[in-house]
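Visitor: What follows is a single structure, and I will ask about it in a moment.
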Amino acid sequence: MNTFNYNEHFKSCISGIKSEGRYRTFANLERISGRFPKALYRPKDDAQPREVTIWCSNDYLGMGQHPVVVNAAREALDNSGAGAGGTRNISGTTRYHVELEETMADLHGKEAALVFSSGYVSNEGSLGTLGKILPDSIIFSDEMNHASMIHGIRDSKAQKHVFRHNDLEHLEELLKTAPLNAPKIIAFESVYSMDGDIAPIKEICDLADKYGAMTYLDEVHAVGMYGKRGGGVAEERGLMDRIDVIEGTFGKAYGCMGGFITGDTAVVDTIRSYASSFIFTTSLPPSVLAGARAAVEHLKVSDVERMRMFSNVKMLKNGLESAGLPYLQGPSHIVPVIVGEPNCCREVTQLLMNNYNIYVQPINYPTVPKGTERMRFTASAAHSKEDIQALIDTLSELWSTHHMLQTQVA
């Protein structure tokens, strides 16, 4: 009897990815407590672990090892144990959830907040629910939106229009085609993590007002880092009151884990009550929630970490500029260097790791379009000036001696 050969089919799928140069491998890393961005790398060949410098972490401010965060997490672990106990609806809501949601609502000047297990889940659940719950709704989505937003919009089954990235004229053309009385949502990000550019938030809000649309803003790469209290780019620009739903994460600048939304009580309560990815997911444990809240509260009043990070970002960009190394010159803290070919991108990152103890992951399709493969460098608040100079010197050497960085900057 001829039956389907499942194993061979799976092997063929992986072979296809490998032939395209976009097969991903994971480095076995152990972050060193108190010494981020340093970590121990454990090669697969059983060689001795060696110290490397991480250059692609989203822990932008080094809060994952900040004493105020670690101590809060440890205290919650001692007080309440390791587990969450279940979903929020059954047995998993704790005072740590309540306090964190109060903190996030205050941060964004909103009536309510809701914590999810991750930023991906918060986008997928919220946009999926809003598109379903609003009758005959139409969602307008920036073409560079994160996969989690695309997932939620697709799940909502709502009518969807994709506008060209940060293109206000195209967005308005699409809005004009929609019935004025139809529920509409404009979904976009503040900082786009792969190119490092920032959305024209005010102008998008103006269009939303003009055409009667809700605004849904993903601030995952901005919360903690922009604005007087770390509320994001919308806070920095005085626009938080014009955004209906602000979504963010605790897994980047706050150094922990989890996602959230903030907004009016009615919309947050609706998502809480209808989003299956919230209802049926085991909640975050007390230690994570307490650590996240400590990070948020600390960054509401401390500017030290933000100033140090932006100083490091400026040094990195200036150094690349002086060395004649091209990169995408966006206004944010993200520094992408486009390689443009997946195999070359992988080879460069392997060379950096094996020969220079510099860890940066290749970013290939489907995370970015084919032909735009890149290395995405993040100069955190925890990097030293020596770390930054060593990276610049190394990239300069690769450029001049190996000529491997065939950067194609648009």
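The values are calculated or read from the model by the stated rules, or taken from the named source; none is laboratory data. Bear in mind the structure is a predicted one, so any value in this text is a computation, not a measurement. Every residue, glycine among them, receives a Cβ derived from its backbone with ideal geometry; neighbour counts consider all protein chains shown. Note: accessible area is taken over every heavy atom of the protein model, side chains too, but ligands, DNA and RNA are not part of it. Shrake-Rupley method; radii C 1.70, N 1.55, O 1.52, S 1.80 Å.
Visitor: If a residue has to be of a type in the set (S, T, N, Q) and at pLDDT 90 or above to count, how many in the stretch 359-410 make the cut?
Guide: 7
Visitor: Any residue that is more than 21 Å from the chain's Cα centre (by Cα), over 24 Å from Leu114 (Cβ atoms), of a type in the set (D, E, K, R) and part of a loop (DSSP other than H, G, I, E, B) - is there at least one of those in the stretch 171-192?
Guide: No, the stretch 171-192 contains no residue that is more than 21 Å from the chain's Cα centre (by Cα), over 24 Å from Leu114 (Cβ atoms), of a type in the set (D, E, K, R) and part of a loop (DSSP other than H, G, I, E, B).
Visitor: If I ask for residues that are open to solvent by less than 10 Å² (accessible area, probe 1.4 Å) and not in a loop (DSSP other than H, G, I, E, B), which ones from the stretch 322-336 would you list?
Guide: Ile334, Val335, Pro336 - these are the residues of the stretch 322-336 that are open to solvent by less than 10 Å² (accessible area, probe 1.4 Å) and not in a loop (DSSP other than H, G, I, E, B).
Visitor: If you check Lys44 against the conditions, is it outside any helix (DSSP H, G or I), open to solvent by less than 80 Å² (accessible area, probe 1.4 Å) and basic (Lys, Arg)?
Guide: no
Visitor: Next question, about the same structure. Has the stretch 93-114 got any residue that is open to solvent by 60 Å² or more (accessible area, probe 1.4 Å), modelled with pLDDT under 95 and in contact with a Ser or Thr (Cβ under 9 Å, 6 or more places away or on another chain)?
Guide: Of all residues in the stretch 93-114, those open to solvent by 60 Å² or more (accessible area, probe 1.4 Å) come to 93, 95, 98, 102, 106, 109, 111.
Filter once more, keeping what is modelled with pLDDT under 95: 93.
With the extra rule that they be in contact with a Ser or Thr (Cβ under 9 Å, 6 or more places away or on another chain), the set shrinks to 93.
Yes, because at least one residue in the stretch 93-114 is open to solvent by 60 Å² or more (accessible area, probe 1.4 Å), modelled with pLDDT under 95 and in contact with a Ser or Thr (Cβ under 9 Å, 6 or more places away or on another chain).
Visitor: I'd like the full set of residues that are on the phi < 0 side of the Ramachandran plot, surrounded by fewer than 19 Cβ atoms within 10 Å (Cβ to Cβ) and either in contact (Cβ under 8 Å) with a residue 24 or more places away in the chain or out of contact with any Asp or Glu (no Cβ under 8 Å at 6 or more places or on another chain) (or both), limited to the stretch 22-40.
Guide: The answer is Tyr23, Arg24, Thr25, Phe26, Ala27, Asn28, Leu29, Glu30, Arg31, Ser33, Arg35.
Visitor: Can you tell me which residue within the stretch 193-207, out of those that are open to solvent by less than 10 Å² (accessible area, probe 1.4 Å) and part of a loop (DSSP other than H, G, I, E, B), is modelled with the highest pLDDT?
Guide: Checked the stretch 193-207; the qualifying residue modelled with the highest pLDDT is Ala199.
Visitor: Please verify whether the stretch 208-219 includes one or more residues that are among the β-branched types (Val, Ile, Thr) and open to solvent by less than 30 Å² (accessible area, probe 1.4 Å).
Guide: The answer is yes; a qualifying residue exists.
Visitor: Further question: So how many residues does the stretch 238-264 have that are farther than 20 Å from Arg293 by Cβ and either open to solvent by 30 Å² or more (accessible area, probe 1.4 Å) or among the hydroxyl-bearing types (Ser, Thr, Tyr) (or both)? Let's see the steps before the verdict.
Guide: First, pick out the residues of the stretch 238-264 that are farther than 20 Å from Arg293 by Cβ: 238-239, 241-245, 264.
Checking the rest, the ones that are also either open to solvent by 30 Å² or more (accessible area, probe 1.4 Å) or among the hydroxyl-bearing types (Ser, Thr, Tyr) (or both) come to 238, 241-242, 244, 264.
The number of residues fulfilling the criteria is 5.
Visitor: Pick from Glu102, Glu75, Glu124: which is within 18 Å of Thr282 (Cβ to Cβ) and assigned to a helix (DSSP H, G or I)? Walk me through how you get there before you give the answer.
Guide: Working: Glu102 fails: within 18 Å of Thr282 (Cβ to Cβ); Glu75 fails: within 18 Å of Thr282 (Cβ to Cβ).
From the options Glu102, Glu75, Glu124, the qualifying one is Glu124.
Visitor: Of everything in the stretch 1-26, what is assigned to a loop (DSSP other than H, G, I, E, B) and under 24 Å from Thr372 (Cβ atoms)? Give them in sequence order.
Guide: Glu20, Gly21, Arg22, Tyr23, Arg24, Thr25, Phe26
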